1. Quick one: what does P(r) look like for the protein assembly as shown with 10 Å bins over all Cα pairs, in whole %?
2. Return one whole number: the accessible area per residue of chain C in Å², for a 1.4 Å probe.
3. Roughly speaking, what is the centre-to-centre gap between the stretch C:305-357 and the stretch B:57-122 when only Cα atoms are used, to the nearest Å?
4. How large are Rg and Dmax for chain A when calculated on the C-alpha trace, in angstrom?
5. Evaluate the distance, in nm, between pseudo-label points positioned 7 Å from the Cα of C:Thr22 and of C:Phe5 along their respective Cα→Cβ axes.
6. Looking at chain A, do any whole DSSP H helices span at least 27 angstrom along their long axis by alpha carbon and average -1.0 or above on Kyte-Doolittle, and which?
7. In deg cm²/dmol, rounded to 500, what helix-only [θ] at 222 nm does chain A give when every DSSP H run of at least 4 residues adds -39500 (n - 2.57) and the total is split over its residues?
8. Classify the stretch B:3-120 as rounded, prolate or oblate from the Cα gyration tensor: take a ≥ b ≥ c as the square roots of its eigenvalues, call it rounded if a/c is under 1.5, otherwise prolate when a/b beats b/c and oblate if not.
Amino acid sequence: MSARDDILRRVREALDGVSPAVEIPAAPRAPDRGDLVALFVERVEDYRAIVTRCAADELEQVVRDALGEARAVVPPGLGVEVAGATVDDGLTATELDAIDAVVTRAAVGIAETGTIVLDHRPDQGRRAISLVPDLHVCIVDASQVVADVPDAIAVLDPARPLTWISGPSATSDIELDRVEGVHGPRTLHVVLVG
Amino acid sequence: MRVALQITCVNDAMFPDTGKAVVRLLRRLGVDVDFPGAQTCCGQPMVNTGYLDEAVPVVRAFVDAFAGYDAIVTPSGSCAGSARHQHSIVAERSGDPALVAAVAETAPRTYELTEFLVDVLGVTDVGAYFPHRVTYHPTCHSLRMLGVGDRPRRLLEAVRGIELVELPNATECCGFGGTFALKNADTSIAMGADKARHVRDTGAEVLVAGDNSCLMHIGGMLSRQRAGVRVMHLAEILAATEGAA
Amino acid sequence: MSGTFVGMPAFPTAAREALADTQQRRNLAHATRTIRDKRAAVVAEVEDWEGLRLAGAAVKEAALRDLATHLETLEESLTRAGAIVHWARDAEEACAIVAQVARDHGVDEVVKVKSMATGEIGLNEALEAEGIAAWETDLAELIVQLGDDLPSHILVPAIHRNRAEIREIFRRRMGDVGRPAPEALTDDPGVLAGAAREHLREKFLRAKVAVSGANFAVADTGTLVVVESEGNGRMCLTLPEVLVSVVGIEKVVATWSDLDAMLRLLPRSSTGERMNPYTSTWSGVTPGDGPQEVHVVLLDNGRTRALADDVGRQALRCIRCSACLNVCPVYERVGGHAYGSVYPGPIGAILNPLLHGVSDEQTASLPYASSLCGACFEVCPVRIDIPSVLVDQRAAVVDSHRGDRVPRSGSHWQEAVAMKAAAWTFSDSRRLRWAERASGLAGRVIGRFSRTTLPGGRAAAGRLPGPAAGWTGARDLPAPPPESFREWWDRTDGGRS
Ligand code: SF4
């Protein structure tokens, strides 16, 4: 018997006579916390990420300021002019390692937890480009901000690879003391438009 | 209402004064409590050590002794928890439908003392007087298995003359744990040492709790350390009155 | 190694040694207090935490009760999404599958995301035997690996180490396996984390094959989920060409929306955050993005044994948040090594016997490594009633000895005799009365000869020899009163006369 069939047989035998019916209560929702975008900003900042709010016509300038001298890579569909940036066309990990920063958009922002989710469409690019560079400038539109995790789950497509980002990379592995910045970008700069 | 006292084996053999205090207290509150002489033990020592078969006759003795009472009151969160949560497991194991049925009768009618006072009798001020500095340790089974919540606190706060001081890390286990105290004596003692230190830090004269087993453990450590802190069951403080105290 | 560390002594012995290590006790007390407080704060923020727990428990319970269906669905959706699905009955099969993938690509090293399942099956040792180096990339795992140490916590395997010890390990060992630690290495956690970043970066950039676990596997979409903090997970899941994920069959949830409760429960329970820094989800292969060859190994290794246990089945709901370890007063004092397994603490005390049975002394000692205080159940995000399972596993231990004709050990025998004697006494109040008379006599003897008095005036026994030594080594024992309650009641008609 194959391992597959053997395991499935063992599972069926283990559950022989066990009713599969389990009532799953709806997970409670967070209470209405008023201004979602303000909450989103507050919660992202709680992770010691930088947040800048701006109007659509200020976006280019804000991104420029966020990057400063940093050499940036951008996804092909970013839709914002970033002077001097390399447009990703399948850069290798080593090539990405030589680049300081990345500018992407996002799919969703979650207010309750201060999370941004990338689904890596052309305005966000491949997973590698938002990972290897040390500064991640992430543009979120105010209209993309949802209240809580269930709202995000509902709009995200699980067939796409997703990266949920809550602040810069961090570790608490040394005496459970939180330190920002290990392997992922050590600086997260969220630019909130609108 | 027919009310029976389940004294518990530990109190019966080791702490009769707690039982006498419960009787005095309940009589003062107008409850004519009975002591069914056929009772022995709730069976917890066997169940918690894994001896389920051995617990069957003990649980049988429990339900036989307390059949027909409206309320079974016990000065032990642990034994009340055992009756309410473990007797059904033992009865199932016995395969005896009569025992299963009998347990279904006695289990929900078993009350830890403070539950009985607050929920059934509806009192928090029991007219007690105890002019001492006291700290309260909520025992694990009262707190988490039964969920007695703030009932003991409310009862203590209503005691006249008492000075109640907060115990640091109060909800942490003292390390007694029944046979754990013997099977894992080193760990049990390490936990007890921390509990005893917190008790000493309060400067209390008396440590009170709702379970004499835990008090025997913490009190045994305090005594060995010559800490001078006395341990008392909650019932004994609630039974104390002016003049008598 | 299949879940338990080889050659570990039974819990009481290991605990005694651990308790004597004052440095470790200080490290653990500090770390567990920190994380407990953080968890409590973010849990208090959720209005209906209990409702969320109920939902989370039900999601996992429902998946377990119809596991065969969900596993078949998962296999189908994974295959459709371009993943290659393998099944492994036990540790050996799982390790062989991973090794084969590595060999197929001609590599002599893999990078690893922290994963309990690969620790459980002893994958690193198995790969090493094949000449393949497995680099742990989680900071705490790296500390354990470089220190030739054993993990002692689910979330923070190096929780027993403080910053000074970690600096020493990095300084001494990093150079042996790659980029050495910088000369100016201090014991500042930020500096230590920076050293790990530099050390591991070259490994991430060159790795061809990565190995991961998964926190969840969504049956209907074929999605795997990895929840992490440092970004080492993202590195492993994104940069290499080949990804192998070893996933316990109990990690399945039925649908994508089932993740909602889990993703809200896990970070708050685990690191005490509203959300962990990074969560990655992927369904098979995404052309042009990330690994283009994706393997998933579905692992049994005792899970079907646990699944068959009506009381213990709930342990498979565990999402490895480690909240139960952090609140456990036993774990806080003895640490994780005493449990002898990658799964320590309260969950380890039930999971190890459920997965492997209780036939060896070490595993059989685990269900007793608890005072049954219930703090673990109170914090568990998926409401595993650990105390009840502990008691049930104790019964399994006792039952496994019932047929013994030759006592397996003296202490079991003594205990069984004592319990049978107690049961006999407690089965009939007349017998109990006699026993109490005897103890009353003993009390009079102690009262006469003892020089110990408890505050309040009662006589007590100090250090006693024999079976009472376990108690009286550090605790005085009150002398039994001359008259039991029952005798008093009879003599005085319940105090009326
Ligand atoms: S048993 Fe519960 S609390 Fe413990 S690690 Fe598992 S999910 Fe977390």
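The values are calculated or read from the model by the stated rules, or taken from the named source; none is laboratory data. Owing to the predicted nature of the structure, the values given are computational and were not obtained by experimental measurement. Cβ atoms come from the backbone with ideal geometry, glycine included; neighbour counts cover every protein chain shown. What goes into the accessible areas is simple: the full protein's heavy atoms, side chains included, and nothing from ligands, DNA or RNA. Shrake-Rupley method; radii C 1.70, N 1.55, O 1.52, S 1.80 Å.
1. 2, 11, 20, 22, 18, 13, 9, 4, 1, 0, 0
2. Dividing the accessible area of chain C by its residue count gives 35 Å².
3. Cα centroid of the stretch C:305-357 versus Cα centroid of the stretch B:57-122: 30 Å apart.
4. Rg then Dmax for chain A, in Å: 20.5, 67.
5. Result for the modelled spin labels: 2.3 nm.
6. Helix filter hits for chain A: none.
7. After summing the helix terms and dividing by residue count, I get -6500 deg cm²/dmol.
8. It comes out prolate by the Cα gyration axes.
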